[in-house]
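A short reminder: the numbers here are calculations on the coordinates, not readings from a lab. Everything quoted here is computed from the prediction, not taken from an experiment. Glycine gets a Cβ as well: all are built from the backbone with ideal geometry, and neighbour counts include every protein chain shown.
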Amino acid sequence: MEKRVAILGIIIENPDSVSAVNELLHQHRDEIIGRMGMPYRERGISVISIVLDTSNQVISSLSGKLGMLDGVSARSVCSKGAD
């Protein structure tokens, strides 16, 4: 299975979804290289950037699961290939 490096951008507009987002990210902790999160209080949202090293399938699946949560948007950008 070919691995790629990806950046996953997450915007949380519903504070009630924060724990579900964190649980999904925790399930993929072994594939996460780094994480940066910032609350944007003036807009009432949170912005999270995740860097992953994993397969396209996992990246797509995680992005899709996050995007199905209420008030959560997620998009990914992937490297062209491995090694």
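Candidates ILE12, ILE7, ILE59: the one that is touching a Leu at 6+ places or on another chain (Cβ under 9 Å), more than 19 Å from GLY81 (Cα to Cα), touching a residue at least 40 places away in the same chain (Cβ under 8 Å) and among the aliphatic types (A, V, I, L, M) is ILE12. Where strands (runs of 3 or more DSSP E) fall entirely within the chain, those with at least 3 residues that are exposed (fewer than 12 other Cβ atoms within 10 Å of the Cβ) are at 32-40.
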